[in-house]
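For reference, the structure discussed in these notes is given below.
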Amino acid sequence: MSENSPPSASPIYRAVLADDERLMRDQLRARLAEVWPELQIVGEAKNGLEAVELVAQHRPEVVFLDIRMPGLTGVDAARQIAQMEIADDEVLPEIVFITAYDQYAVEAFEQGVADYVLKPAERERLQLTVARIQRRLATRGTTDAMADEDRAPPMQQLLHRLSAQLNPNARPNYLEWIQATVGQAIQMIPVAEVLFFISDEKYTRVQTPQVEALIRKPIKELIDELDPQLFWQIH
């Protein structure tokens with residue numbers, strides 16, 4: 001680099017904020033402007049559904065999600081975001097949970113899959129979060145990033161556990177049988193016999209020790225219907 005070369009500019013990243021309390025969104029936006037002035041806030045949502053829609057529209061690199069929101073919780077919104085279809089040159093956004101109760105997010109923080117900020121967002125704690133997110137964004141696609149991903153639990157598996165913590169009385173009804181096409185016939189296949197599922201465009205291939213079958217449902221819709229203790233997404 002020559003002496004007259006201008007310094008390289010910091011990369012510009014975009015973010016979506018989601019919190020059902022406007023004052024909390026305003027406070028977080030103000031704190032982010034202090035500790036990460038280059039970050040562009042491209043959308044604000046007051047519930048989980050709006051957050052998912054904004055992420056699909058803007059494709060931000062970072063999403064701040066309040067864990068408890070009406071209609072669709074931040075955890076459920078994160079699960080939908082993690083299942084979004086992305087282009088070859090895109091990546092899923094980094095997730096930061098906003099919560100008043102650290103027990104709901106500390107597991108995600110410790111595992112390195114996501115981060116969290118306690119309400120109200122304090123400058124020092126937010127600086128730590130920003131530093132972690134910036135590091136992950138800067139190292140995406142590198143050997144270090146892939147090693148971190150190998151050590152971390154799958155995002156969907158973690159989000160299932162967090163969702164169970166938020167709704168301890170809810171009993172999810174996971175699939176026990178799958179109606180699938182085997183050759184020209186329709187068969188009922190016990191989920192307990194399935195070895196793995198493979199995405200096949202708008203369909204999903206089902207492999208058991210005996211047969212390979214096909215179901216008319218994309219794998220991103222199938223994920224939430226399967227017990228995360230038995231199946232988890234690896235790609």
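The values are calculated or read from the model by the stated rules, or taken from the named source; none is laboratory data. Nothing here was measured: the structure is a model prediction, and the numbers come from that model. Here the Cβ is made from the backbone with ideal geometry for all residues, glycine too, and neighbour counts use every protein chain on show. Please note that ligands, DNA and RNA were not included when accessible areas were found on the heavy atoms of the full protein model with its side chains. Shrake-Rupley method; radii C 1.70, N 1.55, O 1.52, S 1.80 Å.
May I ask you to work out the translational diffusion coefficient for segment 36-76 at 37 °C, viscosity 0.692 mPa s, via Stokes-Einstein with Rh from the Kirkwood sum over Cα pairs, reported in whole µm²/s?
Numbers: Rh = 10.7 Å.
Translational diffusion coefficient: 308 µm²/s.
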Given the Cα-Cα distance of GLU34 and ASP200 and 0.36 nm per residue of separation, how much length would full extension add, in nm?
55.2 nm
Just by accessible area at a 1.4 angstrom probe, what is the order of LYS46, LYS217, LYS202 from largest to smallest?
LYS202, LYS46, LYS217
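Could you do me a favour and compute the accessible area per residue for segment 11-97, 1.4 Å probe, result in Å²? All intermediate terms of the calculation are to be shown ahead of the outcome.
Values: 4010 Å² over 87 residues.
Per residue, segment 11-97 has an accessible area of 46 Å².
In what sequence, highest mean first, do 126-137, 184-195, 30-41 appear when ranked by Cβ atoms within 10 angstrom? Let's see the in-between values first.
Details: 126-137: 16.9, 184-195: 12.1, 30-41: 14.9.
Going by the mean number of other Cβ atoms within 10 Å, highest first, we get 126-137, 30-41, 184-195.
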